[in-house]
1. Go through 235, 325, 241, 309 for me and flag whichever is part of a helix (DSSP H, G or I), modelled with pLDDT under 80 and under 26 Å from residue 110 (Cα atoms).
2. Can you tell me which of 302, 253 is in contact with a helix residue (DSSP H, G or I) (Cβ under 9 Å, 6 or more places away or on another chain), modelled with pLDDT of 85 or more, in a loop (DSSP other than H, G, I, E, B) and not assigned by TED's automatic domain parsing to the domain that holds residue 166?
3. Has the range 99-111 got at least one residue that is more than 19 Å from residue 152 (Cβ to Cβ) and in a helix (DSSP H, G or I)?
4. Quick check on the range 274-283. Is at least one of its residues surrounded by fewer than 17 Cβ atoms within 10 Å (Cβ to Cβ) and either in a helix (DSSP H, G or I) or at pLDDT below 85 (or both)?
5. What are the residue pairs meeting all of these: first residue in the range 23-36, first residue in contact (Cβ under 8 Å) with a residue 24 or more places away in the chain, second residue part of a helix (DSSP H, G or I) and surrounded by 13 or more Cβ atoms within 10 Å (Cβ to Cβ), Cβ atoms under 6 Å, and 6 or more apart or on different chains?
6. Could you look through the range 66-98, keep only residues that are more than 26 Å from the chain's Cα centre (by Cα) and not in a helix (DSSP H, G or I), and pick out the one that is surrounded by the most Cβ atoms within 10 Å (Cβ to Cβ)?
7. Looking only at the range 30-65, filter to residues that are in a loop (DSSP other than H, G, I, E, B) and on the phi < 0 side of the Ramachandran plot; which one of those is surrounded by the fewest Cβ atoms within 10 Å (Cβ to Cβ)?
8. Find the residue count for the range 124-142, including only residues that are farther than 19 Å from residue 182 by Cβ and crowded, with 19+ Cβ neighbours inside 10 Å.
């Protein structure tokens, strides 16, 4: 089977992760963690990548990296190959340790970049390894909470973002947690973006700033994807989609649309369409949110796709709903 081409270009940002084969432990003790960090440091010194955020867990790892030279694949090959060789030799074992090469998702927007940092920061807490990730010495949050850290951890951009959020002229470790608390943690959104890679950039988080036609064309493209495939990179959490449409529905609860010569309530179809296209859910995931069967949810998504082509009023409403979802998310991100 041919290798999947990586989207590694010069100066590109990536959320990189991998886990142990069959969920086995890859970091068993402090010595393992230090060795893995040492191999990351080698790759940084070789100018193959920059590490801006990371977390080493017992059976997987996360890294926010920038590939200034476009050699992320080579950097990760060296890190993992050297670590597996050391791990096996130190335990008198052989064979694979990781489930594959690695998984990466290219980052195209500031909002996605911030969400990845928040996600990586909270990984150890969410896994209940520690009560507070700031106490976990094998993640970048531990070092950003201190004046100094390893020289291979590239801190400048993250520290500038913290200063900008807190209105401070200079970085102080005390500012770090306060600054990132402004970015809500939505683990499912980051995890879905780590799904199957696709060519070209993700749907931009500021897509709503474009013309209504651009939003509608993107929505149509997403809606027409078969349910067997990922719906593309999600740009909003399903909870946010549901809350925003609930609010819109209260202003026009009686809205009806004509589908196949019959009038139907419009909001359930619009909900299904946005859950599919904006939240990236499959039909089986949409069904319980709407209180419908999976087949019915699939039909509603199909109606949504048809209405995007046939009904100008529906296109306007879906654009407004999409805009409301993004506006609400931005308010939470920047307040």
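1. 325
2. 253
3. yes
4. Checked the range 274-283: no residue is surrounded by fewer than 17 Cβ atoms within 10 Å (Cβ to Cβ) and either in a helix (DSSP H, G or I) or at pLDDT below 85 (or both).
5. Short answer, once both residue conditions are applied: 27/33; 35/86; 36/83.
6. Taking the candidates together, the pick is 96.
7. Checked the range 30-65; the qualifying residue surrounded by the fewest Cβ atoms within 10 Å (Cβ to Cβ) is 46.
8. 5
The values are calculated or read from the model by the stated rules, or taken from the named source; none is laboratory data. Just so it is clear, the model here is predicted, and its values are computed rather than measured. Don't worry about glycine lacking a Cβ; one is built from the backbone with ideal geometry, like all the others, and counts go over all protein chains shown.
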